[in-house]
Amino acid sequence: MSNIGWKDVLTDDMPVDLAHEIDIFEGQMELMGQGKLDEKVFAETRLRRGVYGQRYDNGQRHDGFESRELEFEELDRIKGPDTLWHAPGMQRIKVPGGGLSPEQLDVLAQVADEYSDGILHITTRQDIQLHFVHIEDTPDMMRRLAAVGITTREACGNSVRNVTCCHLSGVCRTEVFDATPYSEAFAQFLLGHDDVQDFGRKFKPAFSGCESEACGLVMMHDIGYLAQVKEVDGKLKRGFKVFVGGGLGTVPHQAKVLSEFTSEEEMLPLVQAVARVFARLGEKRNRNRARIKFLVAKLGIDEFRRLVEEERKTLPHDDRWTAYLDTLPQYEEKPAKPPTFLNGQVRSTEFNQWFETNVYSQRQEGYSVVTVNLPLGDLTSKQTWELADVARKYVGDNVRATVEQNIVLRWVSDSDLPSLYEDLKAIGLGDPGAGTIVDITACPGTDTCKLGIASSRGLAGELRTRLTAKSASLPDAIKDLKIKISGCFNSCGQHHVSDIGFFGNSRRSGNFKMPHFQVVLGGRWRDNAGSYGLAVGAVPSKTVPEVVDIITNRYIDERAKGETFQDWIGRIGKKEARGMIQPFMQLPAFEQEPDYFSDWGDPRVFSLGDIGIGECAGEVVSLFSMEISPAESEAFEAQIALDENDPARADALAYSSMLKAARALVRTQFLDVGDSPDRIVEEFKTRFFDTELFFDQYAKGKFGQYLLDRHQNPNPNPDNDSAHRLIEEALLFIEATHACESKVGGNVLVEI
Amino acid sequence: MITPHRLSVKFYFEELSVDAEAFIPVFHRWIRENVVPNELLLDVADYKHILDGPAILLVGHEADYVIDFTDGKPGLLYVRKQDLGADLSNALDTTLSQALNGVKLTESDVELQGKLKLRTDGATIVLLDRLNYPNAASNGDSVDTAASAEAHLSDSLAALFGSDATVARVDNDAREPLTFELRAPSAPDVDTLLSQLGTGN
């Protein structure tokens with residue numbers, strides 16, 4: 001018994017190619033253990049198997065007082081740069097289109113309790129993540145998943161990530177046609193394809209069936225497909241409007257239209273041509289400029305399109321481009337039960353509340369989609385196989401994960417809704433409020449992410465608790481608002497496309513750092529992530545629930561009939577919006593509000609590394625703090641100028657705000673720098689950029705480069721897009737200035 | 001018998017008058033003060049938003065300590081993940097002694113003292129290893145494995161918890177890991193149990 005492993009037991013159940021890939025990975029693990037593989041090569045290798053790093057895997061952890069070494073065994077053994085072999089990590093599991101069967105749920109539940117902490121986390125891209133996984137366990141985990149048709153290949157790394165698809169595709173009342181089989185063909189075609197192995201960064205695709213709904217979010221993806229039907233030679237042809245170069249991240253880009261209509265026959269060759277252009281011309285050395293959005297912005301969409309069209313002509317023919325079309329007529333979802341109606345059944349108040357928010361009536365009469373509202377996207381192993389049984393009972397294989405970190409059960413026969421509700425409630429998954437203000441999206445943040453600055457999940461949990469407690473009395477006007485939270489500027493929580501978004505950062509008060517969240521207002525979830533919000537200011541993390549109350553109450557009081565949140569924010573302007581949160585931007589001293597200096601769900605004194613010491617406490621602020629403030633104001637003025645459709649002024653103000661921030665930083669070392677832009681930039685470059693003091697641990701010199709680029713190459717004719725981008729860059733530059741000053745430690749104090 | 005991939009023991013609360021959230025600062029302090037011998041403690045995970053689940057986890061390299069509300073039964077769950085020993089007996093000894101040490105630490109913690117009590121007259125033991133210890137209901141090897149494991153646990157635990165201690169296999173879903181319930185009406189207190197395991201003060 002002891003010599004038999006999962007590899008032996010599952011040999012006949014795994015697809016041969018998947019089994020072989022996993023064996024190769026296991027071999028690479030052994031080579032790494034013997035020191036025969038380069039650490040960077042192995043890091044990318046494991047990332048392309050979905051084996052990701054996790055917070056503290058460099059062996060350091062701040063305990064609230066000091067950074068301490070975590071004494072793992074074999075401290076010299078690593079699995080990548082600065083990543084200890086024995087430190088637990090995260091396993092990301094690709095789920096194309098979020099589609100899951102009960103059998104797959106069973107196995108996911110089992111690997112979660114044997115290899116992680118027994119919690120399955122649904123991500124904002126329909127993946128599943130397991131945390132605290134030891135790398136030695138990953139090959140067997142992959143084998144067990146492969147045996148039920150799941151691969152982790154290219155779940156991370158510089159590759160084509162999970163292909164997302166609207167969770168309502170096929171049952172949606174407004175879609176043009178079901179994009180699901182196309183997204184599946186796309187995912188299958190690109191998985192491991194030769195032309196997607198040499199990207200400088202990741203590449204995220206998305207599919208959507210209709211333009212006005214949010215579900216597919218095509219506008220914020222590297223490549224996005226929007227279902228279209230076009231009459232060609234008197235016949236209706238299926239195809240897609242194709243978008244390219246969208247993305248959130250530190251500087252969000254709206255995708256540009258690559259093609260108004262690409263036929264289903266051309267869908268795969270087109271993406272292959274895009275992949276080749278991206279691999280050939282995309283940035284490779286500077287990873288901060290390596291996403292395809294930067295290439296599209298640099299070339300311009302017209303030139304990018306021309307290059308793709310030229311590339312398309314050179315592609316050698318591949319039968320797979322159209323082979324999938326033969327399978328489309330056979331593609332169908334099979335409901336587990338015949339259609340029925342809910343009429344006449346006695347409904348409890350609880351059921352009605354749940355029905356109102358969690359049930360979507362399908363286009364197919366007699367069927368509904370039920371959303372299982374997962375708090376923070378989490379469910380336990382036990383809940384997972386219980387949910388698998390619920391799925392077997394009511395819907396069969398028709399289960400999908402969503403980009404709002406929930407799970408939907410499709411094709412529920414309507415008369416089953418009351419009993420389904422009772423079954424979900426019995427396993428702790430009967431929460432109402434799906435898609436409403438209580439259904440908050442949050443990335444892992446400081447819980448497990450190496451890049452997290454503030455506790456996005458802690459804040460989301462707190463807001464969910466508070467809003468749920470008063471959900472019965474919440475006015476209709478705010479019930480459907482979206483709140484989305486990221487732990488840092490990288491936008492994994494998709495804060496840019498929510499009504500009220502937050503991303504984590506920090507500020508210093510006296511000798512201590514305080515967790516903060518930037519407030520981002522007015523993003524548009526609908527219209528496939530139709531527009532992005534802008535930051536209006538940072539508030540202490542512990543004040544965010546009150547900030548949400550202030551903003552929503554004012555919206556309730558002032559909104560015109562039928563006025564959306566975005567329209568209201570647009571009407572009052574960002575100056576007024578900032579005014580709402582201004583009272584929360586005054587930072588108390590540690591002695592006044594010690595609770596402000598720890599994060600939600602984490603009692604440790606907040607830190608980004610080491611806590612600053614040595615400065616006078618009490619009624620003093622640093623010169624830097626005094627001088628950075630005008631820079632922040634100017635960046636804000638730039639946003640208002642953009643609102644007023646004055647991109648030239650917005651551009652000038654954004655640039656000026658960066659100069660002010662740089663000057664404030666330079667003056668912590670060199671008081672007589674003067675006001676000349678050339679001199680400020682020169683001193684900034686010499687003292688902070690060239691010395692890498694300004695560098696972020698992960699973003700490196702990216703934020704400093706924003707100033708250098710703008711100073712060297714001013715845009716003679718800024719338009720709204722470029723001004724918007726420069727404002728985003730200015731905000732990030734200012735954030736980085738704060739971080740640098742905290743790291744270096746200002747030493748010039750001014751009494752006030 | 002072969003060492004299981006993971007082994008867990010859950011002791012149940014007799015009294016619990018604090019919210020799950022109260023364990024968060026306690027566990028952070030345990031990490032800072034390195035209170036658990038022979039284990040590397042890493043972080044605290046907050047899952048209290050999940051109904052009847054593992055509310056608060058003290059995540060370690062070798063083991064996790066969980067304030068667990070699964071099935072509505074609050075308890076301290078200890079999950080041994082690494083360094084279990086050479087066989088099932090070693091794994092059981094290691095897991096029990098560290099779990100009982102966790103019980104003692106929890107009951108005597110300066111912030112929790114008097115607010116909770118764990119009972120030693122019963123526990124749930126789980127072999128998290130579906131390859132070597134399948135929880136199949138059908139006839140065949142898996143049933144023999146489960147029966148052998150049950151007999152093994154019965155002998156080991158009776159020696160520790162008293163001759164009237166019984167171990168019974170839980171008739172749970174085949175997808176769940178192989179699970180046993182310990183009942184020990186005359187179980188000694190934690191210190192005595194730790195002493196018998198050779199790890200007491």
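The values are calculated or read from the model by the stated rules, or taken from the named source; none is laboratory data. For clarity, every value in this text was computed on a predicted model and none was experimentally measured. Virtual Cβ from ideal backbone geometry, glycine too; neighbours counted across all protein chains shown. Protein only, heavy atoms only, side chains kept; ligands, DNA and RNA dropped before computing areas. Shrake-Rupley method; radii C 1.70, N 1.55, O 1.52, S 1.80 Å.
Results, tabulated for the structure shown:
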| quantity | calculated |
| --- | --- |
| Nearest-20 debye value, the stretch A:673-713 charge dipole, Cβ charges on Lys, Arg, Asp, Glu | 120 debye |
| Solvent exposure of the stretch B:6-196 as accessible area per residue, Å², 1.4 Å probe | 37 Å² |
| Rounded to 10°, Cα long-axis angle of helix B:88-108 versus longest principal axis of chain B | 20 degrees |
| Helix-only [θ]222 nm of chain A, DSSP H runs n ≥ 4, -39500 (n - 2.57) each, per residue, nearest 500 | -11500 deg cm²/dmol |
| The stretch A:474-514 and the stretch A:236-298: distance between their alpha carbon centers, rounded to Å | 28 Å |
| Percentage of interatomic Cα-Cα distances in the stretch A:171-330 larger than 21 Å | 44 percent |
| Among A:T441, A:L424, A:S486 the positive-end extreme of the charge dipole of the stretch A:394-494 (Cβ point charges) | A:S486 |
| Per-residue average of Cβ from other chains inside 10 Å of B:5-12 | 1 |
| Size of the stretch B:88-137 as Cα extents on the principal axes (Å, biggest first) | 43, 23, 18 |
| Three-way shape call for the stretch B:25-121 based on the alpha-carbon gyration tensor, with the a/c threshold at 1.5 | rounded |
| Principal axis dimensions, largest first and in whole angstrom, of chain A by Cα | 77, 66, 60 |
| Positive-end extreme of charge dipole, the protein assembly as shown - chosen from A:P603, A:T465, B:A20 (charges on Cβ) | A:T465 |
| Acute angle (nearest 10 degrees) that the helix A:417-426 long axis makes with the longest principal axis of chain A, alpha-carbon atoms | 60 degrees |
| Nearest-20 debye value, the stretch A:349-426 charge dipole, Cβ charges on Lys, Arg, Asp, Glu | 220 debye |
| Neighbourhood net charge (11 Å Cβ-Cβ; Lys/Arg +1, Asp/Glu -1) for A:T564 | 0 |
| Eligible lysines near A:K7 by straight Cα distance, threshold 19 Å, same-chain separation 8 or greater | none |
| The stretch A:349-426, accessible surface, carbon-and-sulfur percent (1.4 angstrom probe) | 46 percent |
| Area of A:S473 that stays accessible when all protein chains are in place (1.4 Å probe, Å², to 10) | 90 Å² |
| Averaged over B:21-32, number of beta-carbon atoms from partner chains that fall within 10 Å | 3 |
| Antiparallel DSSP beta bridges within the stretch A:437-614, percent to nearest 5 | 75 percent |
| Of all DSSP beta bridges in chain A, antiparallel share, percent nearest 5 | 85 percent |
| Cα→Cβ-extended label distance, 7 Å offset, between B:D155 and B:E14, nm | 3.1 nm |
| Virtual spin-label span in nm between A:A469 and A:N645, 7 Å along Cα→Cβ | 4.6 nm |
| Ranked packing of A:244-251, A:689-696, A:669-676, most packed first, by mean Cβ within 10 Å | A:244-251, A:689-696, A:669-676 |
| Relative contact order [Cα under 8 Å, 6+ residues apart], the stretch A:437-614, whole percent | 21 percent |
| Alpha-carbon Debye profile of the stretch A:634-752, log10 I(q)/I(0) at 0.15, 0.18 Å⁻¹ | -0.64, -0.89 |
| Spacing of the two label points (7 Å from each Cα toward its C-beta) at A:H317 and A:Q353, in nm | 6.3 nm |
| Residue pairs, from the table A:K94/B:K48; A:K94/A:K542; A:K284/A:K700, whose Cα atoms sit over 23 Å apart | A:K94/B:K48; A:K94/A:K542 |
| Threshold 20 Å² - residues in the stretch B:35-49 whose accessible area is reduced by that much or more when the chain is no longer isolated, probe 1.4 Å | B:L40, B:L42, B:D43, B:D46, B:Y47, B:H49 |
| Average accessible surface area per residue within chain A, 1.4 Å rolling probe, Å² | 39 Å² |
| Gyration tensor (alpha-carbon) shape descriptor, the stretch A:347-435, a/c threshold 1.5 | rounded |
| Whole-angstrom gap from the stretch B:77-103 to the stretch A:78-95, using each part's C-alpha centre | 25 Å |
| Chain pair A, B: total accessible area buried, heavy atoms, 1.4 Å probe, Å² | 3600 Å² |
| Point-charge dipole on Cβ atoms (K/R +1, D/E -1) for the stretch A:437-614, about Cα centre, debye to 20 | 340 debye |
| Acute angle (nearest 10 degrees) that the helix B:141-161 long axis makes with the longest principal axis of chain B, alpha-carbon atoms | 50 degrees |
| Peptide B:50-62 - average C-beta neighbours from other chains (10 Å radius) | 5 |
| C-alpha center-to-center spacing [the stretch A:3-48, the stretch A:559-601] in angstrom | 49 Å |
| Top positive-direction residue, dipole computed over chain B with Cβ charges, set B:T179, B:L51, B:L118 | B:L51 |
| Cross-link pairs beyond the 18 Å C-alpha cut-off, checked among B:K10/B:K104; A:K298/A:K702; B:K73/B:K117; A:K241/A:K484 | A:K241/A:K484 |
| Protection-proxy order for peptides B:147-159, A:370-382, A:540-552, A:307-319, each taking the mean of Cβ atoms within 10 Å per residue, highest first | A:370-382, A:540-552, B:147-159, A:307-319 |
| Neighbour net charge for A:M141 - beta-carbon separation under 11 angstrom, K R +1, D E -1 | -1 |
| Rounded FRET efficiency, nearest 0.05, which uses the C-beta distance separating A:Q330 from A:E30 and R0 of 35 Å | 0.25 |
| Sparse-neighbour loop sites [trypsin sites (Lys or Arg not before Pro); the stretch B:90-187; at most 12 other C-beta within 10 Å; DSSP] | none |
